[in-house]
Each structure stands twice: as C-alpha cells, then as structure tokens.
Amino acid sequence: MSGTAKLIRSSLTSVAGPLGALLLAVLVVSLTTDRFLMSRNLSNVSLQVSSVAIAAIGATLVILTGGIDLSPGAIVALTSCTLAILAKNHEIPVPIAIPLTLLLGVVLGFINGLFSTYGRIPSFVVTLATMSAYRGLAFLITDGHPIFSVSPDLDPIFYDKFLGLPLPLCYVVILYLLMLVFLRLTIPGRAIYAVGGNQSAARLSGIQVNRTRLLTFVLAGLMSSIAGVLTTARLDSGSPNYGVGTELQAIAAAVIGGASLAGGHGNIISTLFGALTVAVVQNGLNLNAVASSWQEITIGSIIVLAVGIDMWRTTFSQQAAQLFAVFRKRLE
C-alpha cells in the first residue's frame, strides 16, 4: 500500500468516530424539535460555530504537542476590545485595525508559549494565569464597559455571503484546509506530531522541540484573535465579557474530534466535526428551552465522556484486538 493510500485510510479511520458522533447529535436533536432542520436555523448554526471552530484549531495544535491552552476565551475578549478601541475610539480604518488586532493575538500566544516552553512552566499553569490576566487587561482598557457600534465596515466581514455561503463558514473551511495541509505536508506540521508522540525521540531526531511547541501557541493565539475579530463583527461591539467558555468548547471540540490529551494523535478535520457536534448540541438545548445551567452541565458531561474515551482508547483497542484474535482462531 502506497504512503498516500495509507494516509487516506488513516484519515478516514480517524474521522469516522467524530463524524458518527456528529450524525448522532443531529439525529437526536432532530427528533426532539422540528425547528432544527429549518434552513434559517441551520444558517444560524453555521454562523455560531465559526468562532469556536476557529479557536478549536489552535486548541488542537497545542494538544497535539501534549500541552493545553486555557486562554482562547480571554484572548477573544481582549482582541475584541482592542479592535473596538482602535476602530471606534481612535478611528483607525478597519482594514488596518484588524491586522493590528491579529498581531496582538500572535503576541499573546507567543507569551503563552514562551513561559510554557523556555520557562518550563506547565502549559496548564501558564494559560490558567494568562486566562485571568488577558481578561483582566480587557476590563482595564475598557473600564469594564462594552463598546457598542464599533464600525459599519465590520458588518460585511461576518454577514456577507460568497457563492451563497455565509462568509464565516468560508473562513472556517479555508482555515481548516490550510491547517490540514500544514500538518500533513510540511516539516513544521509533522514535527508537531513527532513532539507530541515522543518528545525525547523528536529531540534526538534533530527537531527543535521548544521552537515547535512555541509555534503551536503562536498559531493558537492567532486563531483565537481571528475568533475575536469575528465576534466583534458579528455583534458590532467589543466587551471584556466575550469569549467566556470558548476555551472549554474549543478543547471539547478537539477531544471529541479524537485528539489525545497525551499528544501526538489527532486529525484537524475531526476537530471540525467535534466543533459542529458541540454547536449542534447547544443549538438543540436552546431550541428545547433548556436552562443555561443544564446546558453547562451537558457540555461538561460531554467533555468528561470524550476525555474518558480518550484515556481508555488504547485499552479498548487492545481488548478488541485480543477478542478478534480469539474469534479468528476458533473459526480456523
């Protein structure tokens, strides 16, 4: 079997589970409410999932190296407020304000990566601290008040369409395809898997482990800042309260998509299915008028279930292989 055929087979196998979870979620929600499959609702789901799906790209990259990033929600808040201040308070044109905001996201991700790699502080601790610090900065620069009516130039960025498709959905598709190519066909992308799979072996192979891990945090910061820009464009406002829970949803999307918290295993397309699953479940809960408290409990339960499956995946695989071997011997 050629290398390309093996890659395709491996990709299809890793996608099957998350895709099945998504289809199951769609089936369950469809049976509980007839409003789910309405075109208007599906369009809303595609818009709502965009920010989380893009933030989930960064979460997946960090997880692939065996790390964790708890700061996406805070970065969304800080970049949202920054864009609002630049565009409205300082009257900087949106085409200039957006790149500056994305640059801020890169810097914030770099800070996360710098302390967790070269500073040798566990990424959980670093991003837990920056999660608080970044949101605190968002409150500081806005005095704790939202900034409304940022700019009419932001509206087309989120609400326009391309070939009949909402632009946010186009952004998601483009970014996921780019990241798929990056991870599978570039040296830095393959290094990410190598570092997550076996850090010592990767170092002996000549891979710059710290530099690779730093890159994942930088890209995660960039993805979170893109999510922040889309949030600002969607609501035409910036607020230090935006992005709450985004980090958990992004991690849930990655884990539901099959990314191993131990690192080295995961498929970026599966993460997209994971993000869609989270969005479908939340949309179903909203359509059924489930209280927000129970929504949080449900999402938390899904995360625990997904992590549990990840932790027991190897054991289940070994037991299944043993049962299959016994069954085959009996047939012989």
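Output yes when any residue across region 249-262 is in contact with a His (Cβ under 8 Å, 6 or more places away or on another chain) and either among the acidic types (Asp, Glu) or not in a helix (DSSP H, G or I) (or both), and no when none is. Quick ask: steps written out before the conclusion?
Of the residues in region 249-262, the ones in contact with a His (Cβ under 8 Å, 6 or more places away or on another chain) are 258-259.
Among the residues that remain, those that are also either among the acidic types (Asp, Glu) or not in a helix (DSSP H, G or I) (or both) are: 258-259.
Yes, because at least one residue in region 249-262 is in contact with a His (Cβ under 8 Å, 6 or more places away or on another chain) and either among the acidic types (Asp, Glu) or not in a helix (DSSP H, G or I) (or both).
Just for region 59-82: of the residues that are in contact with a Leu (Cβ under 7 Å, 6 or more places away or on another chain) and in a helix (DSSP H, G or I), which one is most open to solvent (accessible area, probe 1.4 Å)?
So the residue we want is Thr82.
Quick check on my filter: what residues within region 92-107 are open to solvent by less than 10 Å² (accessible area, probe 1.4 Å) and under 21 Å from the mean Cα position of the chain (by Cα)?
Correct list: Thr101, Gly105.
Report whether or not Arg213 is more than 30 Å from Ile85 (Cα to Cα), more than 12 Å from the chain's Cα centre (by Cα) and basic (Lys, Arg). Walk me through how you get there before you give the answer.
On the way: more than 30 Å from Ile85 (Cα to Cα): yes; more than 12 Å from the chain's Cα centre (by Cα): yes; basic (Lys, Arg): yes.
Criteria met by Arg213.
Looking only at region 238-245, decide whether some residue is part of a helix (DSSP H, G or I) and either farther than 13 Å from Leu64 by Cα or touching a residue at least 24 places away in the same chain (Cβ under 8 Å) (or both). Don't jump to the end; show me each part of the working.
Taking region 238-245 as the starting set, the residues that turn out to be part of a helix (DSSP H, G or I) are none.
Checked against the condition, which is being part of a helix (DSSP H, G or I) and either farther than 13 Å from Leu64 by Cα or touching a residue at least 24 places away in the same chain (Cβ under 8 Å) (or both), region 238-245 yields no hits at all.
Would you tally the residues in region 266-301 being touching a residue at least 40 places away in the same chain (Cβ under 8 Å), more than 16 Å from Val52 (Cα to Cα) and buried (at least 18 other Cβ atoms within 10 Å of the Cβ)?
Looking only at that region, the number is 3.
Kindly indicate the residue of region 203-221 that is farther than 17 Å from Ser123 by Cβ and in a helix (DSSP H, G or I) and also least open to solvent (accessible area, probe 1.4 Å) among those meeting that condition.
Filtering first and then ranking leaves Arg203.
Take the residues in region 226-235 that are under 15 Å from the mean Cα position of the chain (by Cα) and not aliphatic (A, V, I, L, M); name whichever of them is most open to solvent (accessible area, probe 1.4 Å).
Result: Thr231.
Take the residues in region 236-256 that are surrounded by fewer than 24 Cβ atoms within 10 Å (Cβ to Cβ) and out of contact with any Leu (no Cβ under 9 Å at 6 or more places or on another chain), then tell me which one is nearest to Leu19 (Cα to Cα).
Gly245
Taking helices (runs of 4 or more DSSP H) that fall entirely within region 83-174, which contain at least 2 residues that are closer than 29 Å to Leu215 by Cα and without any contact (Cβ under 8 Å) to a residue 24 or more places away in the chain? Let's see the steps before the verdict.
Numbers: elements: 94-113, 123-142, 155-159.
Result: 94-113, 123-142.
It is to be established whether one or more residues within region 177-186 are open to solvent by 30 Å² or more (accessible area, probe 1.4 Å), modelled with pLDDT of 95 or more, within 22 Å of Pro122 (Cα to Cα) and in a helix (DSSP H, G or I).
No, the conditions are met nowhere in region 177-186.
The values are calculated or read from the model by the stated rules, or taken from the named source; none is laboratory data. The structure displayed is predicted, hence computed values, not measured ones. Using ideal geometry, Cβ is built from the backbone for each residue, glycine included, and neighbour counts are taken over all protein chains shown. Just so you know, the surface numbers come from the protein's heavy atoms only, side chains and all, with ligands and any DNA or RNA stripped out. Shrake-Rupley method; radii C 1.70, N 1.55, O 1.52, S 1.80 Å.
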